[in-house]
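Bear in mind these aren't lab numbers, they're just calculated from the coordinates by the rules spelled out. What you see is a predicted model, and the numbers here were worked out from it, not measured in a lab. Here Cβ is always computed from backbone atoms with ideal geometry, including for glycine, and neighbour counts include all displayed protein chains.
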Amino acid sequence: MTDQPQAAPAADKPTRIPPIVTLDAKFFWDGADQEQLLGEKCGDCGLFVFPPRPMCPQCFSLKRQHVPLSGRGVVRGWTIPRHPPPFGFKEAPIVAIVELEEGIRMVSNVVGIAPDAMEQDLPVEVTFEPTMKDHKVPVFRPRSK
Amino acid sequence: MARKFTDAAIAGIGQTEFSKASGRSELQLAAECAKAACDDAGISPHDIDGMITFTIDNSDEVNLARCLGVKDLAYTTRIPGGGAAAAATIYQAMGMVNAGLCNNVLIWRAMNERSQYRFGQNPQQQQMQYQSGNGTGSLLWCVPYGAMTPASWGALQAARYMHQYGVTNRDLGYISVQQRAYAANNPNAWFYQKPITLEDHQNSKWIQEPWLRLLDCCQESDGGVAVLVTSLERARDLKQPPVKIVGATQSIPYNVEVISNYYHEDLTEMPEAKGVAKRLWAMTGLKPSDMQMAALYDAFTPHVLLQLEAFGFCKPGEGKDFVKGGGMALDGELPVNTNGGLTGEAYIHGMNSMIEGVRQIRGTSYNQIKKKAVEHVLISSGMAGAVLEKA
């Protein structure tokens, strides 16, 4: 799923802070640890929701399906935090709102692109980056249109 | 007391000095501004029977009531949303008075948000406590990605809007310059006698590239602000000319949240402010052109444009031309944040701009609107709003 270089030897331990895991979103972060992007889909009406939640807002079902997402989307907004430098990043990250093909949006990073080359509606695909405490988070890199 | 519909009014406003290091506790700031609001109205703090603030205030209701010697408190609430709830305090105070449940409602917000802790810094602990009740349900989804400050969340919220309508950072500079001009003439403002130019704005460092520079961001401040709400009838007998709360409301449309607000349908608008506007105009029978001034929550400059558009002062995407053309100035179409706003005067979580609206109606602002009589003022904190009227 990813061809990102493996984390370099011991000296270069991940510095990104780990995700804050809640019970209703545990599946998402467990999936990310396995380099899988999982989404929440209603087991009755099929609606995708993000952020994950215990009840479907359309049909009120409590049946939740945790299904693999396409991992493909487009950038709907982005920013580069310059000051204060965000904790855990050696270089300022590109923070983005990514809208996935399934119609849900999430906040993530765009990696593998120069800030000058960033543009709205950039097509992206998922990859994963390590965090402290041996977790991983989904991030996105440019893909060809 | 008998339950009948009772018109509500703002009878008193109070504040401490606005600084970067108050040198005293937040509870003391709260007590001082509360006492000042009661003195302004001419009532005894002992007679307060309702107390309202919003989340992220650290002072305990009972501790503040103890300072003020409140004899018998009938109602307290703490509204979710942080600063987005600033104007919702007016809404709830109005409701309490309208319903005949309270006589003297104290609204307060006091903070050492510069000397004691800073919203603008990275979280102190790696695992910030994202407690419920702040109206920002999805912040935890931002933090592992380096979006750790209100400016980062706010920039991400504004990015699509600015992109869609071609709003440049230079366009935002006109808002900063105007508000600093107001602050420069307001002795209560931290930036008193310190106006800026558009070039100063453009030379200030990037906070969120390519959207927000330092001079697009509200200050970090220490201080307290309080408002005393009572019945219109009673307010007429008190010290100050009464300011009627003619309408107030809150709006949280589906999938909207405070600041980490990326999940609703159209990212080029502010649905919560549109919802507030719709209800407020319907409730009051008034329209944008009936307002002589607006106090708009300006944590970051793009949100001034989004609110101007949401309330119908200009069409979508035309906010930038409105401010560039001097629309916010004293002789403009709609003077906005004449205290200097949260960028120029101080950041007391929106409350300091709200009391500027009261001063404009009383005719006591340092930047008093003279071009026309101030009959109506709009107050907005994005997710809540109120219309004040000269009684």
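The table below lists the values:
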read-out: Å³ per residue enclosed by the Cα convex hull of the protein assembly as shown; value: 153 Å³
read-out: Distribution of pairwise C-alpha distances over segment A:70-145, 5 Å bins, in %; value: 3, 16, 28, 25, 17, 9, 2, 0
read-out: FRET efficiency for residue A:22 and residue A:48, using Cβ-Cβ distance with R0 set to 22 Å, rounded to 0.05; value: 0.75
read-out: Chain B, helix-only ellipticity at 222 nm - DSSP H runs n ≥ 4, -39,500 (n - 2.57), divided by all residues, nearest 500; value: -9000 deg cm²/dmol
read-out: Selected from A:98, A:126, A:107 as most flexible by GNM, with chain A as the system and alpha-carbon contacts under 10 Å; value: A:107
read-out: Partners for residue B:194 among aspartates and glutamates (Cα-Cα distance below 20 Å; same-chain residues under 8 apart left out); value: B:17, B:216, B:220, B:222, B:298, B:345, B:356
read-out: Exercise: per-residue mean of other protein chain Cβ atoms within 10 Å, A:92-101; value: 4
read-out: Unit charges at the beta carbon, dipole of segment B:223-319: most positive-side option, B:297, B:231, B:286; value: B:231
read-out: Calculated P(r) tail over 32 Å for chain B, as whole % of Cα pairs; value: 27 percent
read-out: Kirkwood Rh in Å, taken over chain A so that all alpha-carbon pairs contribute; value: 16.2 Å
read-out: Coil-residue GluC sites (Glu not before Pro) of segment B:243-328, DSSP, other Cβ within 10 Å capped at 13; value: B:265
read-out: Label-point gap, in nm, between residue B:101 and residue B:287 - each point 7 angstrom along Cα→Cβ; value: 3.5 nm
read-out: Local net charge near residue B:71, Cβ-Cβ under 10 Å (Lys/Arg +1, Asp/Glu -1); value: -3
read-out: Cα extents of segment B:108-197 along the three principal axes, largest first (Å); value: 42, 37, 22
read-out: Ranking of B:301, B:268, B:197 by count of other Cβ atoms within 10 Å, fewest first; value: B:197, B:268, B:301
read-out: Dipole of segment A:14-145, positive end: most advanced residue of A:123, A:52, A:78 [Cβ charges, Cα centre]; value: A:52
read-out: The protein assembly as shown, dipole about Cα centre (Lys/Arg Cβ +1, Asp/Glu Cβ -1), debye to the nearest 20; value: 560 debye
read-out: Local electrostatic count at residue B:314 - Lys and Arg +1, Asp and Glu -1, tallied over other residues with Cβ under 11 Å; value: -2
read-out: Prolate/oblate/rounded call for segment B:294-374, Cα gyration tensor, a/c under 1.5 rounded; value: oblate
read-out: Gain upon complete extension [residue B:264, residue B:66; 0.36 nm per residue less C-alpha separation]; value: 67.0 nm
read-out: Local net charge near residue A:104, Cβ-Cβ under 11 Å (Lys/Arg +1, Asp/Glu -1); value: -2
read-out: Overall form of segment B:133-287 per C-alpha gyration tensor (a/c, 1.5; a/b vs b/c); value: oblate
read-out: Anchor residue A:26: lysines whose Cα lies under 18 Å away (excluding residues fewer than 8 positions away in-chain); value: A:41, A:63, A:133, A:136
read-out: Amide H contacts of residue B:51 (H built 1.01 Å from N, under 5 Å, at least 5 apart or other chain); value: B:75, B:76, B:77, B:106
read-out: Chain B: most fluctuating residue of B:363, B:319, B:81 per GNM, C-alpha cutoff 10 Å; value: B:363
read-out: Residue with peak Gaussian network fluctuation, chain A [Cα springs, cutoff 10 Å], from A:24, A:116, A:33; value: A:116
read-out: Karplus-derived HN-Hα couplings along segment A:60-69 (A = 6.51, B = -1.76, C = 1.60, θ = phi - 60°), whole Hz, x at Gly and Pro; value: 6, 6, 9, 7, 10, 10, 9, 10, x, 9
read-out: Charge-dipole axis of chain B as Lys and Arg at +1 and Asp and Glu at -1 on Cβ define it, positive-most pick from B:98, B:157, B:192; value: B:98
read-out: Chymotrypsin sites (Phe, Trp or Tyr not before Pro) lying in DSSP loop within segment B:244-306, provided at most 10 other Cβ fall within 10 Å; value: B:254
read-out: Partner chain coverage, peptide B:261-268 - average Cβ within 10 angstrom; value: 3
read-out: ³J(HN,Hα), Karplus 6.51/-1.76/1.60, whole Hz, each residue of segment B:337-352, x for Gly, Pro; value: 6, 6, 7, x, x, 7, 7, x, 7, 5, 10, 9, 6, x, 5, 5
read-out: 0 to 90° range, to nearest 10: angle between helix B:26-41 axis and chain B longest Cα axis; value: 60 degrees
read-out: Nonlocal amide H pairs with residue B:8, under 5 Å, H built at 1.01 Å; value: B:232, B:245
read-out: Cα-based radius of gyration of segment A:21-68 once divided by 2.2 N^0.38 Å, which approximates compact folds; value: 1.08
